[in-house]
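Some notes on the structure that comes next.
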Amino acid sequence: MKGYQELAASVRMKRSASQAVLLEKEESLELIGRGRSAYVFRITNSNKVLKVFFPGLEYMALEEADVYRKLTGLRWFPSLYDAGGNYLVIDFVEGYTLFECLQRGIPVSEENVEEIDRALQMARKKGLNPSDIHLRNIIVTLEGQIKVIDVARYRQSKRCTQWDDLKKAFNHVYKKRYCPRKLPAFLLNFIAVLYKKRWFTTFFTIT
(Lines give C-alpha, C1' and ligand atoms only; values in the text may rest on other atoms or scores of the structure.)
Protein backbone atom coordinates (compact mmCIF):
# COMPACT_ATOMS: atom_id res chain seq x y z
CA MET A 1 0.00 0.00 0.00
CA LYS A 2 1.17 3.52 -0.76
CA GLY A 3 2.28 5.75 2.09
CA TYR A 4 -0.04 8.32 3.60
CA GLN A 5 1.73 11.25 1.96
CA GLU A 6 1.49 9.60 -1.45
CA LEU A 7 -2.21 8.81 -0.93
CA ALA A 8 -2.88 12.42 0.03
CA ALA A 9 -1.01 13.62 -3.05
CA SER A 10 -3.27 11.47 -5.24
CA VAL A 11 -6.29 13.54 -4.21
CA ARG A 12 -6.78 16.33 -6.73
CA MET A 13 -9.37 19.06 -6.37
CA LYS A 14 -10.27 22.32 -7.99
CA ARG A 15 -11.89 25.35 -6.43
CA SER A 16 -15.22 26.29 -8.02
CA ALA A 17 -16.79 29.40 -6.45
CA SER A 18 -17.08 28.46 -2.77
CA GLN A 19 -16.96 24.72 -3.49
CA ALA A 20 -14.03 22.31 -3.72
CA VAL A 21 -14.67 19.75 -6.45
CA LEU A 22 -12.99 16.34 -6.23
CA LEU A 23 -11.32 15.49 -9.55
CA GLU A 24 -9.19 12.43 -8.86
CA LYS A 25 -8.05 10.05 -6.13
CA GLU A 26 -6.21 6.78 -5.59
CA GLU A 27 -8.45 3.70 -6.01
CA SER A 28 -7.66 2.54 -2.49
CA LEU A 29 -9.42 5.63 -1.06
CA GLU A 30 -13.15 5.31 -0.45
CA LEU A 31 -14.90 8.66 -0.16
CA ILE A 32 -17.01 8.55 3.02
CA GLY A 33 -17.58 12.21 3.83
CA ARG A 34 -17.31 15.83 2.85
CA GLY A 35 -17.29 18.65 5.37
CA ARG A 36 -16.89 22.40 5.25
CA SER A 37 -13.12 22.16 4.97
CA ALA A 38 -12.10 18.68 3.80
CA TYR A 39 -12.88 15.41 2.06
CA VAL A 40 -12.65 12.26 4.18
CA PHE A 41 -11.63 8.88 2.74
CA ARG A 42 -11.44 5.46 4.28
CA ILE A 43 -8.19 3.74 3.38
CA THR A 44 -9.03 0.31 1.92
CA ASN A 45 -8.22 -2.70 4.10
CA SER A 46 -7.51 -0.55 7.13
CA ASN A 47 -9.28 1.04 10.07
CA LYS A 48 -7.92 4.49 9.23
CA VAL A 49 -9.25 7.50 7.40
CA LEU A 50 -7.41 10.12 5.39
CA LYS A 51 -8.73 13.67 5.72
CA VAL A 52 -7.58 15.96 2.91
CA PHE A 53 -8.26 19.67 3.28
CA PHE A 54 -9.57 21.90 0.51
CA PRO A 55 -7.33 24.30 -1.42
CA GLY A 56 -6.90 27.43 0.64
CA LEU A 57 -7.64 25.59 3.89
CA GLU A 58 -4.53 23.40 4.02
CA TYR A 59 -3.32 25.16 7.17
CA MET A 60 -6.17 23.52 9.09
CA ALA A 61 -4.49 20.12 8.73
CA LEU A 62 -1.62 21.01 11.06
CA GLU A 63 -3.96 22.90 13.41
CA GLU A 64 -6.27 19.90 13.77
CA ALA A 65 -3.33 17.49 14.06
CA ASP A 66 -1.96 19.57 16.94
CA VAL A 67 -5.32 19.36 18.73
CA TYR A 68 -5.46 15.57 18.26
CA ARG A 69 -1.98 15.33 19.79
CA LYS A 70 -3.23 17.24 22.83
CA LEU A 71 -6.14 14.77 23.10
CA THR A 72 -3.90 11.70 23.01
CA GLY A 73 -5.04 9.11 25.55
CA LEU A 74 -8.65 10.31 25.78
CA ARG A 75 -10.87 7.44 24.68
CA TRP A 76 -13.56 9.69 23.23
CA PHE A 77 -11.36 11.00 20.42
CA PRO A 78 -9.71 9.22 17.46
CA SER A 79 -5.97 8.63 17.53
CA LEU A 80 -3.71 10.54 15.14
CA TYR A 81 -1.32 8.48 13.00
CA ASP A 82 0.14 10.99 10.58
CA ALA A 83 -0.23 14.57 9.38
CA GLY A 84 1.16 16.61 6.51
CA GLY A 85 0.78 19.94 4.80
CA ASN A 86 -2.84 19.33 3.77
CA TYR A 87 -3.88 16.03 5.36
CA LEU A 88 -4.12 13.97 8.52
CA VAL A 89 -4.73 10.28 9.24
CA ILE A 90 -6.92 9.17 12.15
CA ASP A 91 -8.97 6.18 13.27
CA PHE A 92 -11.97 5.11 11.22
CA VAL A 93 -14.93 5.18 13.60
CA GLU A 94 -17.77 2.82 12.74
CA GLY A 95 -21.17 3.89 14.00
CA TYR A 96 -23.81 6.56 13.56
CA THR A 97 -23.57 10.29 14.03
CA LEU A 98 -26.22 11.88 16.24
CA PHE A 99 -27.72 13.26 13.02
CA GLU A 100 -28.02 9.71 11.64
CA CYS A 101 -29.43 8.46 14.95
CA LEU A 102 -32.24 11.00 14.77
CA GLN A 103 -32.78 10.30 11.08
CA ARG A 104 -32.95 6.50 11.58
CA GLY A 105 -34.83 6.50 14.87
CA ILE A 106 -31.88 5.12 16.88
CA PRO A 107 -32.42 6.24 20.50
CA VAL A 108 -30.00 8.74 22.00
CA SER A 109 -29.74 8.05 25.74
CA GLU A 110 -28.99 10.21 28.75
CA GLU A 111 -25.86 8.11 29.19
CA ASN A 112 -24.75 9.16 25.69
CA VAL A 113 -25.25 12.82 26.58
CA GLU A 114 -23.34 12.40 29.85
CA GLU A 115 -20.45 10.74 27.99
CA ILE A 116 -20.28 13.62 25.50
CA ASP A 117 -20.22 16.04 28.43
CA ARG A 118 -17.38 14.05 29.99
CA ALA A 119 -15.40 14.03 26.73
CA LEU A 120 -15.66 17.80 26.34
CA GLN A 121 -14.78 18.39 29.98
CA MET A 122 -11.63 16.29 29.61
CA ALA A 123 -10.70 18.25 26.47
CA ARG A 124 -11.02 21.48 28.47
CA LYS A 125 -8.69 20.04 31.11
CA LYS A 126 -6.12 19.71 28.31
CA GLY A 127 -6.34 23.48 27.80
CA LEU A 128 -8.66 23.30 24.78
CA ASN A 129 -11.95 25.07 24.05
CA PRO A 130 -14.33 22.56 22.38
CA SER A 131 -16.18 24.41 19.64
CA ASP A 132 -18.36 23.67 16.62
CA ILE A 133 -20.04 20.73 18.39
CA HIS A 134 -22.97 19.58 16.26
CA LEU A 135 -24.96 16.48 15.37
CA ARG A 136 -22.61 15.38 12.59
CA ASN A 137 -19.37 15.32 14.56
CA ILE A 138 -20.50 13.14 17.45
CA ILE A 139 -20.65 9.40 16.75
CA VAL A 140 -22.28 6.60 18.71
CA THR A 141 -20.22 3.51 17.87
CA LEU A 142 -21.71 0.07 17.24
CA GLU A 143 -20.66 -0.78 20.81
CA GLY A 144 -22.57 2.22 22.17
CA GLN A 145 -19.47 4.30 22.91
CA ILE A 146 -19.06 7.99 22.11
CA LYS A 147 -16.48 9.38 19.70
CA VAL A 148 -16.06 13.07 18.93
CA ILE A 149 -14.45 14.10 15.63
CA ASP A 150 -13.61 17.31 13.73
CA VAL A 151 -11.64 19.08 16.44
CA ALA A 152 -9.95 21.76 14.29
CA ARG A 153 -11.74 24.62 16.04
CA TYR A 154 -10.91 23.56 19.61
CA ARG A 155 -8.33 26.34 19.90
CA GLN A 156 -10.62 29.26 19.17
CA SER A 157 -10.97 31.76 22.00
CA LYS A 158 -14.63 32.68 21.80
CA ARG A 159 -17.16 30.69 23.81
CA CYS A 160 -19.21 28.22 21.78
CA THR A 161 -22.70 27.38 23.12
CA GLN A 162 -23.66 24.78 20.51
CA TRP A 163 -23.31 21.77 22.83
CA ASP A 164 -25.15 23.56 25.66
CA ASP A 165 -27.97 24.35 23.23
CA LEU A 166 -28.11 20.76 21.99
CA LYS A 167 -28.39 19.55 25.59
CA LYS A 168 -31.29 21.94 26.19
CA ALA A 169 -33.02 20.59 23.07
CA PHE A 170 -32.42 17.05 24.33
CA ASN A 171 -33.86 17.78 27.79
CA HIS A 172 -36.74 20.05 26.81
CA VAL A 173 -37.81 18.50 23.48
CA TYR A 174 -36.27 15.11 22.64
CA LYS A 175 -37.00 13.52 26.03
CA LYS A 176 -40.67 14.52 25.91
CA ARG A 177 -43.20 11.85 25.07
CA TYR A 178 -44.59 13.87 22.18
CA CYS A 179 -41.26 14.14 20.37
CA PRO A 180 -40.90 11.54 17.57
CA ARG A 181 -37.72 9.47 17.77
CA LYS A 182 -37.33 9.46 13.98
CA LEU A 183 -36.97 12.78 12.16
CA PRO A 184 -36.46 13.33 8.41
CA ALA A 185 -33.16 14.79 7.25
CA PHE A 186 -34.80 17.80 5.63
CA LEU A 187 -36.37 18.80 8.96
CA LEU A 188 -33.07 18.41 10.84
CA ASN A 189 -31.30 20.51 8.20
CA PHE A 190 -34.06 23.14 8.35
CA ILE A 191 -33.72 23.36 12.14
CA ALA A 192 -29.95 23.76 11.71
CA VAL A 193 -30.49 26.67 9.31
CA LEU A 194 -32.86 28.36 11.75
CA TYR A 195 -30.36 27.83 14.57
CA LYS A 196 -27.56 29.42 12.55
CA LYS A 197 -29.79 32.43 11.96
CA ARG A 198 -30.27 32.56 15.76
CA TRP A 199 -34.05 32.27 15.42
CA PHE A 200 -33.99 29.92 18.41
CA THR A 201 -32.03 32.31 20.61
CA THR A 202 -35.04 33.21 22.75
CA PHE A 203 -35.97 29.55 23.27
CA PHE A 204 -32.47 28.58 24.39
CA THR A 205 -32.22 31.63 26.65
CA ILE A 206 -35.44 31.02 28.58
CA THR A 207 -35.16 27.22 28.92
## Note on the structure
Karplus-derived 3J(HN,Hα) from phi for segment 31-42 (6.51 cos²θ - 1.76 cosθ + 1.60, θ = phi - 60°), whole Hz, x at Gly and Pro, runs 5, 10, x, 9, x, 6, 10, 7, 9, 10, 10, 8
### Message
Using only DSSP helix segments of four residues or longer, with each worth -39500 (n - 2.57), what per-residue ellipticity at 222 nm results for the chain after dividing by its residue count and rounding to 500?
### Response
-9500 deg cm²/dmol
### Message
Connecting C-alpha atoms closer than 10 Å in a GNM of the chain, tell me which of Ile116, Ile43, Ile32 has the biggest fluctuation.
### Response
Ile32
### Task
Could you give log10 I(q)/I(0) at q = 0.21 Å⁻¹ for segment 44-131, computed by the Debye formula over C-alpha point scatterers of equal weight, without solvent?
-1.15
### Query
Among Val113, Val93, Val52, whose mean-square fluctuation peaks in a Gaussian network model of the chain (Cα, cutoff 10 Å)?
Val113
#### Entry: Rotationally averaged projected area of the chain (alpha carbon convex hull; nm²)
12.4
### Message
Filter Lys14/Lys48; Lys48/Lys197; Lys48/Lys125; Lys51/Lys158 down to the pairs with a C-alpha to C-alpha distance above 30 Å, please.
### Response
Lys48/Lys197
### Message
Give me the percent of accessible area attributable to carbon and sulfur for the chain, probe 1.4 angstrom.
### Response
51
### Chain lengthening between Leu31 and Asp82 when straightened (0.36 nm per residue, less Cα-Cα)
16.5 nm
### Task
Note down the relative contact order for the chain as a percent, whole number, built from C-alpha pairs under 8 angstrom at least six residues apart.
15
## Note on the structure
Per GNM of the chain with C-alpha springs under 10 angstrom, the most fluctuating residue out of Cys179, Cys160, Cys101 is Cys179
### Query
From the phi of every residue in segment 74-89, what ³J(HN,Hα) in whole Hz does the Karplus formula 6.51 cos²θ - 1.76 cosθ + 1.60 yield, where θ is phi - 60° and glycine or proline is x?
8, 5, 7, 10, x, 7, 9, 10, 6, 8, x, x, 9, 8, 8, 10
### Query
Expressed as a whole number of Å, what is the distance separating the alpha-carbon centroids of segment 1-79 and segment 114-178?
22
### Message
Can you give the FRET efficiency to the nearest 0.05 for Arg12 and Glu114, using r as the Cβ-Cβ distance and R₀ = 41 Å?
### Response
0.40
### Summary
Note to self: with every protein chain in place and a 1.4 Å probe, segment 1-148 gives an accessible area per residue in Å² of 51
### Task
Starting from the Cα of Phe186, step 7 Å along the direction of its Cβ; do the same at Lys2; then give the gap between the two resulting points in nm.
4.0
### Task
Determine the relative contact order of segment 1-58: mean sequence separation of Cα pairs under 8 Å and six or more apart, normalised by residue count, in whole percent.
26
### Summary
Per the rule of 0.36 nm per residue minus the C-alpha distance, extending Gln19 to Thr72 adds in nm 15.9 nm
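The values are calculated or read from the model by the stated rules, or taken from the named source; none is laboratory data. No experiment lies behind these values; they were computed from the predicted model shown. Quick reminder, even Gly has a Cβ in these numbers, built from the backbone with ideal geometry, and neighbours come from all protein chains shown. Surface areas here come from the heavy atoms of the whole protein model, side chains and all, with no ligands, DNA or RNA. Shrake-Rupley method; radii C 1.70, N 1.55, O 1.52, S 1.80 Å.
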